[in-house]
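A short write-up of the structure that comes next.
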Amino acid sequence: MRLRQISASVIGMALAASLVACGGSKQETSSTSAAPASPGGATGGQKVDTSTAGSVKGVVSLDGTAPKNEPIKMNADPVCVKANKDPQFQETYEVKDGKLANVFVYVKDGLGNYVFDTPTTPATIDQKSCRYHPHVFGIRAGQPLEIVNSDGTLHNIHAMPKVNAEFNTGQPIQGMKTMHTFDKKEVMVPFKCDVHGWMNAYVGVLDHPYYAVTDSDGKFELKSLPPGTYTIEAWHEKLGTQTASVTLGAKESKDVTFTFKPAGATATN
């Protein structure tokens, strides 16, 4: 009987050691691919009632003449030169008919104790034709970010956050993909490529889904927003930020406009 007890004890300890080893491996995998619980606690907050939700939409304009975008010289890398037959310029000021693109618009305040499920589908930033695509985008805290190199040359993506952890990942092989996750909300996180100094991008990291980037017509829309009073912020990489307050009733849609003016520009009527 005692021999049988000793054998069972030895087997039990071996099994426990095996589970600890396997558990360590699983934990390492989940830290890079599994999304955490919704910020604020998935069970401790309020879910949005979509039957009463409304929306905020609007336009971002530029009052005045936009500064000229800086020209880009790609001569140092023949792969970049081959991929770009036409002259290239920075994407700092994308203006059409007085409307401003690449403005990040989001709910800055007013969501209270609402909680939201974290997306498991990755957002993507691609290094293609020696530029970052997209130039401005949003992602959720805890959502995977897929970083892709579509070029046949060395790229690296160097994120320089102030709240999240900094990272700098090299991708020397065409088609190479890397995953990263931001843990905390932060508006905005700049990216740069240390190999090609003209490459830059920006991401807004949020703990809710109410954000958008203005299109070529300066338009944006924040959908399925519950009734309440909100502070909406518009961010531009050089022109700074503007805020507006908006109150939504049940199923209501409100329009909000933002107008930026370049430093030293003369107002237009």
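Observations on the structure shown:
- Residue 181 being surrounded by fewer than 18 Cβ atoms within 10 Å (Cβ to Cβ) and either touching a Pro at 6+ places or on another chain (Cβ under 6 Å) or not basic (Lys, Arg) (or both): no
- Being closer than 30 Å to residue 261 by Cα, in contact (Cβ under 8 Å) with a residue 12 or more places away in the chain and not hydroxyl-bearing (Ser, Thr, Tyr) is a condition met by at least one residue of region 112-126.
- Count of region 218-249 residues, restricted to those that are more than 21 Å from the chain's Cα centre (by Cα), under 27 Å from residue 190 (Cα atoms) and loosely packed, with under 14 Cβ neighbours inside 10 Å, is 1.
- Subset of region 96-143 [over 30 Å from residue 174 (Cβ atoms), open to solvent by less than 20 Å² (accessible area, probe 1.4 Å), not aromatic (Phe, Trp, Tyr) and not in a loop (DSSP other than H, G, I, E, B)]: 100, 105, 107
- Any chance residue 235 is in contact (Cβ under 8 Å) with a residue 60 or more places away in the chain and under 30 Å from residue 75 (Cβ atoms): no
- Residue in region 59-69 that is part of a loop (DSSP other than H, G, I, E, B), in contact with a Pro (Cβ under 8 Å, 6 or more places away or on another chain), at pLDDT below 85 and surrounded by 15 or more Cβ atoms within 10 Å (Cβ to Cβ) present: no
- Of 236, 158, 196, all but one fail to be under 19 Å from residue 135 (Cβ atoms) and in contact with a helix residue (DSSP H, G or I) (Cβ under 9 Å, 6 or more places away or on another chain); the exception is 196.
- Residues of region 184-208 satisfying the condition of being touching a residue at least 40 places away in the same chain (Cβ under 8 Å) and open to solvent by 60 Å² or more (accessible area, probe 1.4 Å): 184, 185, 195
The values are calculated or read from the model by the stated rules, or taken from the named source; none is laboratory data. The structure presented is a predicted model; accordingly, all values stated were derived computationally and were not measured. Reconstructed Cβ throughout: ideal geometry from the backbone, glycine too, with neighbour counts over all protein chains shown. Accessible surface areas use protein heavy atoms only, side chains included; no ligands, DNA or RNA. Shrake-Rupley method; radii C 1.70, N 1.55, O 1.52, S 1.80 Å.
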